[in-house]
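The values are calculated or read from the model by the stated rules, or taken from the named source; none is laboratory data. Everything quoted here is computed from the prediction, not taken from an experiment. Note: ideal-geometry Cβ built from the backbone for every residue, glycine included; neighbour counts use all protein chains shown.
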Amino acid sequence: MAWKIFLFILLTFVLIAGISFPIVENPKVWYQFPLIPGLKENAKIIFFHVPSAWLAVIGFLMSTIYSIKYLRKKNLDDDAKSYSAAQLGLIFCILATITGAVWAKFAWGSFWSWDPRQTSIFALLLIYGAWFALRSSIESEDKRATLSAVYSIIAFVTVPFFVFIMPRIMDGLHPGSADDKVTPGGGPIVDFRMNDSMLVIFFLSLIGFTILYYWMWKIGYKSLLYKEKLNKKLIRG
Amino acid sequence: MNKYYLLAEDISKKFGRRLIFNGLNFEYNHNGIYGIAGINGSGKSTLIKIIAGIISPSSGKVIHKLDDKVIEEEKLHNYVGFVAPYLIMYEEFSAWENLTHISKIRGIEFNKELFNSLLNDFLLIKRKNDLVKTYSSGMKQRLKFIFALMHSPKILLMDEPTSNLDDEGKETVYRIVNREGKNKIIVIASNERTDLDMCSTKIELEDYKK
Amino acid sequence: MKPYALFKKDYHSELRTRYAINSLTMFIIVALSVILFSIGNEKVPQNLTGGLLWVVIFFSAMSGLSRAFVSEEERGTSLILHLIAAPTTIFNGKLLFNLILVFLMNIVITILYSALFEEFIIRNFLLFFLTFILSNIGLAIASTIIAAIISKAGAKGTLYPVLSFPILLPLILISVMLTSYSMIGASFADAKMGLAVLVSYDVIMLTVSYMLFDFIWKD
């Protein structure tokens, strides 16, 4: 119970701090954020957009890890865990896409411009979509678990192409792209040139959202297992 | 003379969370004919597929040994002959073309005399160049026996071997099963009394439901 | 040798039934004519023609390449394959069949395409040739393993492009980029990175496919 209250306080603080702390040119007090050229007031989105994108990837990663586990042990509980992780991953993937697009409207002038990072999150959405479509087309539980596990592993190996390679060889607008003038060379993790207080809140937000994700994931797969038990009982009468 | 040894160690199979059978143990180390009995839907076909290595058991394992050497899973198909109603031959080819393609994919020598004598045994020699599409279901069933025997397997697995066959066809099958049973292990899963009467021991699948 | 025998069986069967070839040929014609109609008499920007080529290739591939496994599964003959060959043999044979089909299909598409679109001019031919070969290999590998997955799933035809597209997306994006490079006559130094990515895509896909095929094949 204690950690739930802690999580509540943490997320409330992140929410208030992230939205209300002012951005000034030369921060003097601890609660002031620095002005980042090119991002300005829009920079505040990183407290919400980056954790969503992070969780979209974490969801996919966890789903793949449990898929591998399923293929090794053939335990259907692992499939439920993988499914629950992917469900949450899809939700956060949609959130990241929308927050990113809204931000892009103000920063780059249009909702969508096929920046490599937009392309990769779009690909992630497609992978999630295809994965759920595959699952819904298979009746037998074992087959569904095996085939979707195999598919998620195949999809997973394409991720490095999107995350590490595309942004480097294709020109992009996103902070941290190949032709970003402030950080030449680009890279998978964006160097935001934040000050300490901004970094602290950013990481608090990441931690808070990750705990939230973990909590939701646990509830998700447990409810799946209960549902199956209940179904079995109802069938047996 | 080859000595074949088949061992099932505590195998169980679940489909999803539904149990098919549990704690199944058997050991066949003499040549002969062995039976698997059970009502419809009791898992006879599942068990015979597990023995053939087509599907894997949920727990436990099946061990095939030839002359005290364990046969690897990858190579098991070279030693197993398999007949079942749900086995379907390539309908767009003739019987002869089926046999040529299959022997090449297996990587065995194309043995013309053996194939001709098998076709002769199973009364298909006259129709060997007709497309399988045009065969009756009984003829297709007889073709499956030729398929199962074409690579001189060391163990024969048969799921309802006499389904779709007329009396003459059944006679042929029994004759050949009794002949082959002298020098290899034959496992028959069936409901037919006459099929099971040939078997020396029987597994009743109903005994392994809990 | 055994995979080659499986390929010969599929080839023979294809000659009898014309499962893949007919739909593929028609699809190429339909896709090309739709593009031609929609363009009409307009002048197409050069870099667009390079992209459209890959649109035609992707959709044609989706119409024919799933046949390798789906036809076995639909007719119930996959049990025979289980009984006569090891999983790697099966995968190699089917991959060989798809590789040859992809190369034939794409050679036809490219020839037709360069005849029909005047703007489609390759200036660095060697670069285009390398791109063509590497991406065809990748296309064949990815489509073979996805075909294996959908052959075991329920909804067969409709799901194939849905499952394949995200997997093929990196390949298609890089190929489009390299094609436009070869159309503007860029040097190999510029395209080095792209080609390296294509090679690594092929290698990674092949490795993963071999690792996972057993799980798909054994139900």
Based on this model, can you work out whether B:Lys140 counts as out of contact with any Leu (no Cβ under 6 Å at 6 or more places or on another chain) and either of a type in the set (Phe, Trp, Tyr) or in a helix (DSSP H, G or I) (or both)?
yes
Could we say that A:Pro34 is in contact with a strand residue (DSSP E or B) (Cβ under 6 Å, 6 or more places away or on another chain) and touching a residue at least 60 places away in the same chain (Cβ under 8 Å) here?
no
Of the residues in region C:182-194, those that are more than 11 Å from chain A (Cβ to nearest Cβ) and either assigned to a helix (DSSP H, G or I) or over 25 Å from A:Thr119 (Cα atoms) (or both) number 7
Failed criterion for C:Thr131 (all others in (1) polar (S, T, N, Q); (2) touching a Leu at 6+ places or on another chain (Cβ under 7 Å); (3) closer than 17 Å to C:Trp217 by Cβ hold)
(3)
Wholly within region A:56-175, helices (runs of 4 or more DSSP H) carrying at least 1 residues that are in contact (Cβ under 8 Å) with a residue 60 or more places away in the chain and within 14 Å of chain B (Cβ to nearest Cβ)
A:76-107, A:141-160
Failed item in (1) within 28 Å of C:Gly185 (Cβ to Cβ); (2) in contact (Cβ under 8 Å) with a residue 60 or more places away in the chain; (3) among the aliphatic types (A, V, I, L, M); (4) not in a loop (DSSP other than H, G, I, E, B), with C:Val56 passing the rest:
(2)
Quick check on my filter: what residues within region C:209-219 are surrounded by fewer than 20 Cβ atoms within 10 Å (Cβ to Cβ) and touching a residue at least 24 places away in the same chain (Cβ under 8 Å)?
C:Tyr210, C:Asp214, C:Lys218, C:Asp219
Only listed residue being more than 14 Å from every other protein chain (Cβ to nearest Cβ) and farther than 25 Å from B:Glu73 by Cα, chosen from C:Ala68, C:Ala61:
C:Ala61
Being under 19 Å from the mean Cα position of the chain (by Cα) and either closer than 17 Å to C:Ser78 by Cα or within 13 Å of another protein chain (Cβ to nearest Cβ) (or both): is that true of B:Ser94 here?
no
Filtered residues of region C:122-146 (kept if in contact with a Ser or Thr (Cβ under 8 Å, 6 or more places away or on another chain) and surrounded by fewer than 23 Cβ atoms within 10 Å (Cβ to Cβ)):
C:Ile122, C:Arg123, C:Asn124, C:Phe125, C:Phe128, C:Phe132
If the Cβ limit is 6 Å and pairs must be 6+ apart or interchain, which residue in region C:175-187 that is modelled with pLDDT under 85 pairs with which residue that is not in a helix (DSSP H, G or I)?
C:Gly185/C:Arg123; C:Gly185/C:Asn124
Report, by residue number, each residue of region B:48-88 that is among the hydroxyl-bearing types (Ser, Thr, Tyr) and within 13 Å of chain C (Cβ to nearest Cβ).
B:Ser56, B:Ser58, B:Tyr79, B:Tyr86
